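The values are calculated or read from the model by the stated rules, or taken from the named source; none is laboratory data. Model, not experiment: these values are computed from the prediction. Here the Cβ positions follow ideal geometry from the backbone for every residue, glycine too, while neighbour counts run over all protein chains shown. Only protein heavy atoms, including side chains, enter the accessible area calculation; ligands, DNA and RNA are left aside. Shrake-Rupley method; radii C 1.70, N 1.55, O 1.52, S 1.80 Å.
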Amino acid sequence: LNLNTNKIVYVNRAVEKLLGYTDEQVLQMKDPLFEIMYDEDIPAMREHEEKLKHIADGEVLEVEYRMKDVYGNLHWFCDRSTIFKRDEQGNAVEKIGISQDITARKQTEEEVRKQHNILKQSEELASIGSWEYDVSTKQFQCSSGMYSLLGIEKQLPVVASFYLEYAKEQDMDIARKIVDSIQHSFKPVEETLRIRHGNINKTIRVKVSPLK
């Protein structure tokens, strides 16, 4: 791509396979890059091209954007570009890039985001919380619903042994059993536990299930 005129100097036949345009159609476009690019992604691409003009030889820049195929459908791409040619003054005039179709990855990310929102809304409606404990890294992560259930601020760290901290004295044996299941035995457990935190007094049902 010529960085001064924004004209495509060379394109391989993969564009026809990915987007349905023939080489001739692309070469006949007045502005082939932005003409079929999703409007919302044009500013990011312009910024990407401007940055390219100031990078060192061999340096690679990435940018993600959407393109419309010949039928009007959107496809996600990740473009990895570097400087291909400079003028006599050393100014970048052409870039060479590899465009990878990442549509499937983006669709998966969007599905994960939707499922996360569904889980968050479900937790709010049902007054439940969830967490994950990675046995190998010993990392413990709580959902927003869990913080609401315990009545604590989201920025406060929560560790796997928090049941011992919040359990009422009468239920400490149950809390120890739950924590042992999480950190040591990795056995499934389902127990009823009474907790307290400040002015909060609740009876909760705790279910622990190992995932292999």
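A cut-off under 14 angstrom between Cβ atoms defines the neighbours of Glu62, and their net charge, with Lys, Arg +1 and Asp, Glu -1, is -2. In this simple spin-label approximation, Glu62 and Asn6 carry label points 7 Å from Cα along the Cα→Cβ vector, and these lie 2.5 nm apart.
The HN-Hα couplings worked out from phi for the stretch 132-137 by the Karplus form 6.51 cos²θ - 1.76 cosθ + 1.60 (θ = phi - 60°) are 9, 10, 8, 4, 6, 9 Hz, whole numbers, x standing for Gly and Pro. The calculated 222 nm mean residue ellipticity attributable to helices in the chain amounts to -9500 deg cm²/dmol, summing -39500 (n - 2.57) over DSSP H runs of n ≥ 4 and dividing by all residues.
Remark on the chain: hydrodynamic radius 22.0 angstrom, per the Kirkwood mean of 1/r across alpha carbon pairs. Legend: P(r) of the stretch 136-189 from all alpha carbon pair distances, 10 Å bins from 0, whole percents, reading 23, 50, 27, 0. Restricting the stretch 40-112 to GluC sites (Glu not before Pro) that sit in a DSSP loop and have at most 14 other Cβ atoms within 10 Å of their own Cβ leaves Glu59, Glu88. Please report Rg over Rh for the stretch 31-77, where both radii come from the alpha carbon positions and Rh follows the Kirkwood definition. Ratio of gyration radius to Kirkwood radius for the stretch 31-77: 1.04.
Mind checking the alpha-carbon convex hull of the stretch 86-212 and giving the volume per residue in Å³?
Roughly 192 Å³ of hull volume per residue.
Surface calculation, 1.4 Å probe, protein heavy atoms: Trp131 sits at approximately 60 Å² accessible.
Using the Cβ-Cβ distance between Leu164 and Ile200 with R0 set to 25 Å, the FRET efficiency from 1/(1 + (r/R0)^6) comes to roughly 0.90. Sorted largest first, the principal axis extents computed over the alpha-carbon atoms of the stretch 105-178 equal 48, 32, 22 Å. Between Met29 and Trp131, the distance separating the two model label sites (each 7 Å from Cα on the Cα→Cβ line) works out to 5.1 nm. Near the amide H of Glu94, within less than 5 Å, lie the amide hydrogens of Leu3, Phe84, Lys85, all on another chain or at least 5 residues away, with H placed in the peptide plane.
Kindly flag which residue pairs out of Lys7/Lys53; Lys17/Lys85; Lys154/Lys177; Lys53/Lys106 have an alpha-carbon separation exceeding 22 Å in this structure.
Details: Lys7/Lys53 15 Å; Lys17/Lys85 27 Å; Lys154/Lys177 26 Å; Lys53/Lys106 28 Å.
From the list (Lys7/Lys53; Lys17/Lys85; Lys154/Lys177; Lys53/Lys106), the Cα-Cα distance tops 22 Å for Lys17/Lys85; Lys154/Lys177; Lys53/Lys106.
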